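The next block holds one structure in the form of structure tokens; read it before the comments.
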Amino acid sequence: MGKNVHTPEVEKLLKGVLCLENVEECYAFFEDLCTINELLSLGQRFEVANMLREHRTYNEVAEETGASTATISRVNRCLNYGTDGYDLIIRRLKEKEGAGEGDR
């Protein structure tokens, strides 16, 4: 997909994310790391991925999330040709929900 993201700096960042223990710690870290709009955009993309995996139409996704068709198309391309990162998290969250665990 173009640029290589496997750099020492990104690896340190991702290892740091793995050190976070709960949702509140994630909020604290990501609110410091990202602008509000960046964080909202990340959340929107993840919701777009969830909705596309539920076989929702582009129109439904755009209407409910406010995402542009360009964003929806990019997320869809990642779902179909990416590294399966979205699917990994979607699956694990569903497994946790099935186990009755809370999200905080």
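The values are calculated or read from the model by the stated rules, or taken from the named source; none is laboratory data. Remember, it's a predicted structure, so these values are computed and weren't measured experimentally. With ideal geometry, Cβ positions are generated from the backbone for all residues, glycine too; neighbour counts draw on all protein chains shown. When the accessible area is computed, the model is the full protein with side chains, heavy atoms only, and any ligands, DNA or RNA have been set aside. Shrake-Rupley method; radii C 1.70, N 1.55, O 1.52, S 1.80 Å.
Observations on the model:
- Highest mean packing comes first when the peptides 6-12, 58-64, 21-27 are listed by Cβ atoms within 10 Å, giving 58-64, 21-27, 6-12.
- Helical runs (DSSP H, four residues minimum) scored at -39500 (n - 2.57) apiece and divided by the length of the chain put the mean residue ellipticity at 222 nm at -22500 deg cm²/dmol.
- For the chain, the relative contact order comes to 23 percent (Cα pairs under 8 Å, sequence separation of at least 6).
- Neighbourhood net charge (11 Å Cβ-Cβ; Lys/Arg +1, Asp/Glu -1) for V75: +3
- Note on the chain: with neighbouring protein chains present and a 1.4 Å probe, carbon and sulfur make up 53 percent of its accessible heavy-atom surface.
- Of the whole protein surface, Y86 contributes about 50 Å² of accessible area at a 1.4 Å probe radius.
- Accessible area in square angstrom per residue, the chain, 1.4 angstrom probe: 80 Å²
- Shown here: Rg and Dmax of the Cα atoms in Å, derived from the displayed model; of the candidates [x] 15.0, 40; [y] 13.3, 38; [z] 15.4, 48, it corresponds to [x].
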